[in-house]
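Any read-out appearing in this document is the output of simple, stated calculations on the displayed coordinates, not a laboratory observation. Keep in mind it's a predicted model, so treat the numbers as computed, not measured. Don't worry about glycine lacking a Cβ; one is built from the backbone with ideal geometry, like all the others, and counts go over all protein chains shown.
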C-alpha cells in the first residue's frame, strides 16, 4: 500500500513539473494568490517539521559515528547550512550571469553552462525528494500526507519561478528533466534502502536546500507576493500539523 501511495505522490509531483505552464489561475499580470498560499504552506512545513526533525537526525548521526563526536551537536545543522549555501550560490550565479548576458547580448538568459549546472542541481534536489518519499524517519500515512502536500505546493511555487524565467527552455526540456529525476529518486528508494545515518545526511543537506528554495521563491520583493493568501496558507497548514501531532 505504501509503495502505491508514494508512487502516486511521485506522479503528482512529476505532473506539477510537466504541467505548470498550463495550470489555470497561476499565470497573469499579478502574482496568483494560490502561489502565495502555497508559499505559506511550504514555509510552515520548514518551521514545524524540517527544523524540528534536524535535531532527531543529528542525534542519529552523532550516535552512529563516535569519530565525529567533536561535531556531535552541529553535524546535521552544518549539512543543512551546506545545502542552503549551495543553492544560494547557484541562484546568485544565475542572476549574475543573466545580467552579464543581458548587457552583452540583450538577451535576459543565463549563460548556457551556468543554466544547465543550475538545472542539474535541481534534478539532484528532485531526486532526493523523490527518494525520501519511501525513506523518511516516519513511515505513517499521516506523515506521508503532510510531506506530499507541503512538497507538492513547494514544487508549485518553485516550478512557476523556473517557468516564468525560462519559458521556452522549461517547456521544451527542463520540465522533463526534473520530472524524470524525481521519478528516478522514487524508483531508487523502492529498490535501495539506505541506513539511517545516510538518510540523516541526505535529510540534512536537503533541509537546507528546501529552506533556501522556499524563501527564495516566496519572500523577495520582486516576487510580488500577496500577504493575506501567504498568511492563510501558513495558518491552515500550521493547524493541520499541530492537530496531526
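With contacts taken as Cα pairs under 8 Å at a separation of at least 6 residues, the chain carries a relative contact order of 44 percent.
Let me check against my output: what whole-number percent is the relative contact order of the range 89-199, with C-alpha pairs under 8 Å and at least 6 apart?
Numbers: 80 pairs, mean separation 39.4, N = 111.
Reported as a whole number, the value is 35 percent.
Global dimensions of the chain from alpha-carbon coordinates: Rg and Dmax equal 18.1, 55 Å. Compared with the dominant principal axis of the Cα atoms in the chain, helix 112-132 is inclined by about 30°. In the chain, helices alone account for a calculated mean residue ellipticity at 222 nm of -25500 deg cm²/dmol, with every DSSP H run of four or more residues adding -39,500 (n - 2.57). Counting neighbouring Cβ atoms within 10 Å and putting the fewest first, the residues 86, 100, 44 line up as 100, 86, 44. Under the simplified labelling scheme, the residue 191-residue 145 pair shows an inter-label distance of 3.2 nm, with each label point 7 Å from Cα along Cα→Cβ. Of the residues 2, 119, the one with the fewest other Cβ atoms within 10 Å heads the list, and the complete ranking is 2, 119. Largest GNM mean-square fluctuation among 11, 128, 48, using the chain with Cα springs under 10 Å: 48. Exposure proxy ranking for 167, 216, based on other Cβ atoms within 10 angstrom of each Cβ and starting from the fewest, stands as 167, 216.
Spin-label model, residue 81 to residue 56: label points 7 Å out along the Cα-to-beta-carbon direction sit 2.4 nm apart. Computed from Cα positions, the angle between helix 2-19 and the longest principal axis of the chain comes to roughly 20 degrees.
Rounded to the nearest 10 degrees, what's the angle between the helix 75-105 long axis and the longest principal axis of the chain, both from Cα atoms, 0 to 90? Relative to the chain, helix 75-105 is tipped by roughly 10 degrees. Note on the chain: with a GNM built from Cα contacts shorter than 10 Å, the maximum mean-square fluctuation among 189, 106, 233 falls on 106.
If the elastic network links every pair of Cα atoms under 10 Å, which of 203, 227, 37 fluctuates the most in the Gaussian network model of the chain? Highest fluctuation among the options: 227.
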